[in-house]
1. Could you grab the pairs with beta carbons closer than 7 Å, sequence gap of 6+ or different chains, first residue in segment 452-472 and under 20 Å from ALA372 (Cβ atoms), second one in a helix (DSSP H, G or I) and open to solvent by 10 Å² or more (accessible area, probe 1.4 Å)?
2. Across segment 568-599, what is the number of residues that are more than 24 Å from PHE470 (Cα to Cα) and either touching a helix residue (DSSP H, G or I) at 6+ places or on another chain (Cβ under 9 Å) or not in a loop (DSSP other than H, G, I, E, B) (or both)?
3. Quick one: which residue in ARG642, ARG582, ARG665 is open to solvent by 50 Å² or more (accessible area, probe 1.4 Å) and either under 16 Å from GLU232 (Cβ atoms) or modelled with pLDDT of 95 or more (or both)?
4. Give segment 563-579 a look and list any residue that's of a type in the set (Val, Ile, Thr) and open to solvent by 40 Å² or more (accessible area, probe 1.4 Å), or say none.
5. Would you be able to tell me the number of residues in segment 425-442 that are open to solvent by 10 Å² or more (accessible area, probe 1.4 Å) and under 13 Å from TYR472 (Cα atoms)?
6. I'd like to verify a number: residues in segment 230-280 that are over 15 Å from the mean Cα position of the chain (by Cα), within 30 Å of SER182 (Cα to Cα) and in a loop (DSSP other than H, G, I, E, B), how many?
7. Considering only residues that are surrounded by fewer than 24 Cβ atoms within 10 Å (Cβ to Cβ) and either outside any loop (DSSP other than H, G, I, E, B) or acidic (Asp, Glu) (or both), which ones fall in segment 179-209?
8. When the residues of segment 443-464 are narrowed to those that are among the hydroxyl-bearing types (Ser, Thr, Tyr) and buried (at least 17 other Cβ atoms within 10 Å of the Cβ), which ends up farthest from GLU483 (Cα to Cα)?
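The values are calculated or read from the model by the stated rules, or taken from the named source; none is laboratory data. Here the structure is a predicted model, which means the values were calculated and not measured. Quick reminder, even Gly has a Cβ in these numbers, built from the backbone with ideal geometry, and neighbours come from all protein chains shown. Heavy atoms of the whole protein, side chains included, go into the accessibility calculation; ligands, DNA and RNA do not. Shrake-Rupley method; radii C 1.70, N 1.55, O 1.52, S 1.80 Å.
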Amino acid sequence: MTPGDFTVGSDVPHSSSDQPHACHHETAIAPPPKKRRVLLRPTTMLAILTAGALAAGSASLWGPGGADPLGDAALSAAPTYTVGLQPPQDPGPFPASVTPTTPTITIAGQRDGESTFRVVRYDQVQPKVPGRMDFDHFHTGIEIQWWLRKWAHERPDIVDLYIVGESYSGQPIYQLTITDKSTGKDTDKPAAYFEGNRHSGETSSAESSLWLAHHLITQAGRDKKVERLLDEKTVYIRPVNNPDGHDMYLYTAQTNRSTVRPYDNDGDGRRDEDPGEDLNGDGYLSQMRQYVGAGKGTHVVDERDPAGKAMRSVGAGKGDYLMFSEGTDNDGDGRYNEDGVGGLDLHRNYPYNWHVMPEDDATGRNLTQGGAGEHPLSEPETRHVYTWLMAHTNIGAVNSMDTRVPMHLRGPSTCDPDECMYSSDRKLYEHFDKAGVSFTGYRNAGSVYIDYATRNGGEPEALFGHGPDFGYFQYGAVWYGDEIWNGGDYVDYDKDGRYADWERSRWCAENGRTNCFLPWTEAEHPALGAVEIGGINPKFWSQNPSADLIGTWAANQARFNLYLTESLPQVDLTDVRVNKLRGSQTDGATHEITATVRNTGRIPTALEQAKEIKIVAPDTVTVEGARTVGAAPQFYLDGGDRQKVRLRLAKAGSDTVTVKAVSVRGGLDSTSVRLG
């Protein structure tokens, strides 16, 4: 999720490990000159992909997470991969199974609770036809890797596949570079970067990333608009930034806030000791209700729900039921599932305005940020994003997507945009806010501090170490952290400005949907006795849409990302003229060249903030083949603006020179002229 966070239902308890530590809300390292050899754990996702099926048993799917060194025998037997550009290779036939074939998997990290969980084979992750792309299901890590390798193998003219680094547990993190290589290097063109699935359960964002990649790759050579875009620009796509969490979410009943690194969510000195348990074996961690008699509970069946599935809180001593999240109280503290797997937030781990977590504040009285990590970029997933971006400053637009407000979300996260942003930059963002809504229909668009924090009333609230703030204030780019999916909040039937479970259930009933809420089923709880388990579907309705809807949401969001890409700055060199100078010039010049450089994009070649922090060098015009006399021109171009330049040359041996417009974020353009 993002700023706000994933909540299961409106007023029914659920695992606190799924909640943001504060109001909530990106990856690859640049391929090094010399490739680094990295050892894969013996039973990683890559091993599953290449080897097919695993033997029955528990697969230690994500290794030890760096906590325990592997022995020599294990290292020598482990398959290897290389960080950096991957050679195009046929991935072979489509995997026999898109989920692990072992009955259980074990998550990396040393924790005080369970690390091994039962594998669930959800219908929602099964392709309609194996080996044929569709967006009526959620793609697992096994299937995604196959598609990425297939695209790189079949379209080497426009696709490069990178392993940009490792996740916390040692999984490779994959990223695509998509551009027409015949028209220039990816780094010589204006670029956009799009990322999905930073947060474990927010799998809709991975689907939108995949949709965009599939669209660009399959339409290249067919769609003139796509052809032109790939001729002129580069698109970097990291479908799954957090493979550990993505896999845990789609392969087991577990979910978490962001990363699987063990963390003490409840402050009792133990890490991950109280995860939820799938007591009825349906593959979900949902809700439990216990009938205790009239006037003895806190909840009643909501009479406003025609399907009779939603519960309503009426206060202690006024209801018929007590409500719990599904599982047991493993640590005996009277709370259920409040310290599940992980708990740090990869979107609080960026360097701009980073604050320590509450438990690390020595003063005990300052502003802190829950889930921030030990230090900025402490988490490898975030660090790989940062390193890639800093090495690829041709990137001028970013969207690191989440779920589920829905909202076109961007900075600032700690201040009023009117006060802390340059006016021209703010107006550009406001344009993209409106454009985004025109593609997606999201209810909300704007800044975290003002628009997100106050969308349901209240005062602005600061959020620290947030990606969009790093993106604008330190990277000087247009950076969004969009929230896909509406949580099933389609109709506000009682017009109170909020959405409750009964409204979600009613909409589903009126639209013939039977998969929004799980049926209440009887179960025997080890401590509570007879209970019923059910409620809103936590994976495929509350946090993400049902599988048959994901394609629409993914496509709409991707179309906005295409608009961002099309809006990138683009230098265009025109009206180049040569004037041969007469007589002897005091500076030794023999020719003068005049040229016009135009920015055909909507975004400036440098935002005002980018100029202030000097993240991009000024635009200029150079000449190859002759010596220029005097200083080279320096300028920046707003969207649609042009600059006329003059260069004085001392003629070289050749009669032909190349005049080149050079811009960090606007790319390159050149033309050859004869000096005469």
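1. PRO460/TYR449; PRO460/ILE450; ALA462/TYR449; TYR472/GLN609
2. Taking segment 568-599 first, the residues more than 24 Å from PHE470 (Cα to Cα) are 571-599.
With either touching a helix residue (DSSP H, G or I) at 6+ places or on another chain (Cβ under 9 Å) or not in a loop (DSSP other than H, G, I, E, B) (or both) added as a condition, the list becomes 571-580, 591-599.
Of the residues in that region, 19 qualify.
3. On the way: ARG582 fails: either under 16 Å from GLU232 (Cβ atoms) or modelled with pLDDT of 95 or more (or both); ARG665 fails: open to solvent by 50 Å² or more (accessible area, probe 1.4 Å).
None of the others qualify; the one that does is ARG642.
4. Initial filter on segment 563-579 (of a type in the set (Val, Ile, Thr)): 565, 571, 574, 576, 578.
THR574, VAL578 - these are the residues of segment 563-579 that are of a type in the set (Val, Ile, Thr) and open to solvent by 40 Å² or more (accessible area, probe 1.4 Å).
5. 2
6. So the answer is 1.
7. ASP180, LYS181, SER182, THR183, ASP186, THR187, ASP188
8. Applying the first criterion (among the hydroxyl-bearing types (Ser, Thr, Tyr)) to segment 443-464 yields 447, 449, 452, 454.
From what's left, buried (at least 17 other Cβ atoms within 10 Å of the Cβ): 447, 449, 452.
On the way: SER447: 12, TYR449: 15, TYR452: 11 Å.
Residue satisfying both the conditions and the ranking: TYR449.
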